[in-house]
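The numbers here are math on the coordinates, done by the rules we state, and not lab data. All values derive from a computational prediction rather than experimental measurement. Every residue, glycine among them, receives a Cβ derived from its backbone with ideal geometry; neighbour counts consider all protein chains shown.
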Amino acid sequence: MTARQEKDSCALGILALSWNLLVASLPAEVSASCIKAIDGAGLPSMTIKGDGSGEYSGYTLDLPNGPLCFSTAKQAPSEGYMSQNYKSPIHTDQLYAPYAMNWVTLHSIMDPDQCQLHGDCSSGGNYVDVSLRVVVKCATDTVMSMQPKFKHGTTLAREGVCRQGTAINFSRHIKKAFDKAIAIEGDVKAMVTQLVEEKK
Ligand SMILES: *[C@@H]1O[C@H](CO)[C@@H](O)[C@H](O)[C@H]1NC(C)=O
């Protein structure tokens with residue numbers, strides 16, 4: 001494996017693990033409605049270059065005691081993120097599935113002096129849905145699903161804190177680009193020409 005393939009394979013494993021854990025932990029209504037939307041959207045599962053199997057299943061985790069393979073587990077859907085110290089002003093997102101999902105894998109005070117937390121004051125970076133008036137405090141191993149068509153964002157985060165997580169999104173703009181690429185049979189040059197023409 002090349003260094004690139006090894007890195008891709010790590011990311012694939014992390015996102016496949018995220019997807020399988022999210023689907024198993026979230027309410028069945030959330031998981032089932034997203035799986036239905038994925039099937040309807042016709043987007044392939046996440047895969048890596050050079051993985052010619054076309055099977056879209058299985059992943060391997062490189063653990064300290066050696067590799068652990070889940071050969072029959074489902075791979076993640078087509079869009080996933082690994083983020084660090086994500087924060088965002090209030091916005092809405094257009095998805096082709098009813099929910100987006102995420103997993104806070106780490107929330108840790110790295111530098112208490114810099115962070116200046118007194119009493120039960122929050123270190124920030126918490127998820128907010130302003131339509132529901134709900135705040136979900138950022139904490140390690142929190143999983144959540146949300147309806148991003150409603151206004152949402154995060155609170156400001158203090159310095160000296162590290163937050164990491166994974167997210168599975170179903171962005172309409174990505175599906176649109178994929179559909180367009182399929183329509184022109186992956187001819188990227190034609191796609192760019194078409195986009196330039198549309199802009200004119
Ligand atoms: C992923 O989805 C969440 C919820 O819609 C959104 O806040 C976040 O910005 C999305 N991330 C990306 C990179 O699209």
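Here the peptides 147-153, 157-163 are ranked by packing, the mean other Cβ count within 10 Å, and the order with the highest first is 157-163, 147-153.
Normalising the average separation of contacting C-alpha pairs (under 8 angstrom, six or more residues apart) by the number of residues puts the relative contact order of the chain at 24 percent. Exposure proxy ranking for His118, His91, His107, based on other Cβ atoms within 10 angstrom of each Cβ and starting from the fewest, stands as His118, His91, His107.
By counting other Cβ atoms within 10 Å of each Cβ, how are Glu197, Glu6 ranked from fewest to most? Don't skip to the end; give the middle numbers.
Working: Glu197 8, Glu6 11.
Least crowded to most crowded, the residues run Glu197, Glu6.
Can you check how the C-alpha radius of gyration of region 83-200 compares to 2.2 N^0.38 Å, as a plain ratio? Intermediate results must be reported in sequence, preceding the final value.
Values: Rg = 18.8 Å, N = 118, 2.2 N^0.38 = 13.5 Å.
So region 83-200 has a normalised radius of gyration of 1.39.
Relative contact order for region 80-168: 53 percent, from Cα pairs under 8 Å spaced at least 6 residues apart, divided by residue count.
With the helix formula -39500 (n - 2.57) applied to DSSP H stretches of n ≥ 4, the chain reaches a computed 222 nm mean residue ellipticity of -10500 deg cm²/dmol. For the chain, evaluate the Debye formula with one uniform point scatterer on each Cα (no solvent term) and list log10 I(q)/I(0) at q = 0.08, 0.16 Å⁻¹, rounded to two decimals. With one equal scatterer per Cα and no solvent, log10 I(q)/I(0) is -0.34, -1.16. Applying a DSSP loop filter and a limit of 13 other Cβ atoms within 10 Å to the GluC sites (Glu not before Pro) in region 29-116 leaves Glu55. The angle between the Cα long axis of helix 188-199 and the longest principal axis of the Cα atoms of the chain comes to about 70 degrees, rounded to the nearest 10.
Between their Cα atoms, which of Lys74/Lys175; Lys49/Lys151; Lys36/Lys175 are more than 24 Å away from each other? Please list the in-between numbers first.
On the way: Lys74/Lys175 20 Å; Lys49/Lys151 36 Å; Lys36/Lys175 15 Å.
Beyond 24 Å: Lys49/Lys151.
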